[in-house]
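S.K.: Quick one: the structure is below, questions incoming.
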Amino acid sequence: MTRMTPFDDMNRVFDRMSRQFDETWGGIDQMRRLDGPAVDVAEYDDEIVVVVDLPGLSKEDIDLSVRGDTLSISAERSIEQDEESEEGAWVRRERRAESVRRRIGLPDEVHEDEASATYTNGVLTVTLPKVHVDDDGDDDHRIDVN
């Protein structure tokens, strides 16, 4: 027979609180995602490069546009809701449909028509050539993701 200590009760309470936090908020990883995906912006002499972590998506799920000095990113992932089969049932289901929207202020005006983007292994890289424009364009320019 094991002997109980006063700390055993405290550990059980902390374990229960931790489980409730994970069930309610999805844990620390979900809390990090509340602000949107992680973004790095690098400025070079002739271009701006934006790198965005978007794991679990396909390039068809990603929509990019640029207007002036703002890059807009939106992405949406859907998860099929499978019915339980005779062979088995879900024990835990954490993956769910989600959407991401983020507007990123760029340090300089960019040439919208020459922007390009690639998506590899869950990382989106957007290259935006810098240009000084005398007039402001009124339309967003879509960027195709390769």
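S.K.: Among the residues of segment 108-126, how many are within 21 Å of the chain's Cα centre (by Cα) and not polar (S, T, N, Q)?
M.R.: Residues meeting the conditions: 7.
S.K.: Then there's this: Name the pairs: first residue in segment 47-63 and more than 14 Å from ARG102 (Cβ to Cβ), second residue among the aromatic types (Phe, Trp, Tyr) and surrounded by fewer than 11 Cβ atoms within 10 Å (Cβ to Cβ), Cβ to Cβ under 8 Å, at least 6 apart or on different chains?
M.R.: Short answer, once both residue conditions are applied: none.
S.K.: Just give me the residues in segment 1-39 being touching a Lys or Arg at 6+ places or on another chain (Cβ under 9 Å) and modelled with pLDDT under 60, in sequence order.
M.R.: The one that is touching a Lys or Arg at 6+ places or on another chain (Cβ under 9 Å) and modelled with pLDDT under 60: GLY26.
S.K.: Show me the strands (runs of 3 or more DSSP E) found entirely inside segment 51-146 where at least 2 residues are modelled with pLDDT under 90.
M.R.: Answer list for segment 51-146: 70-77, 98-105, 141-143.
The values are calculated or read from the model by the stated rules, or taken from the named source; none is laboratory data. Since we're looking at a predicted model, the values are computed, not measured. We place every Cβ from the backbone using ideal geometry, glycine too, and count neighbours over all the protein chains shown.
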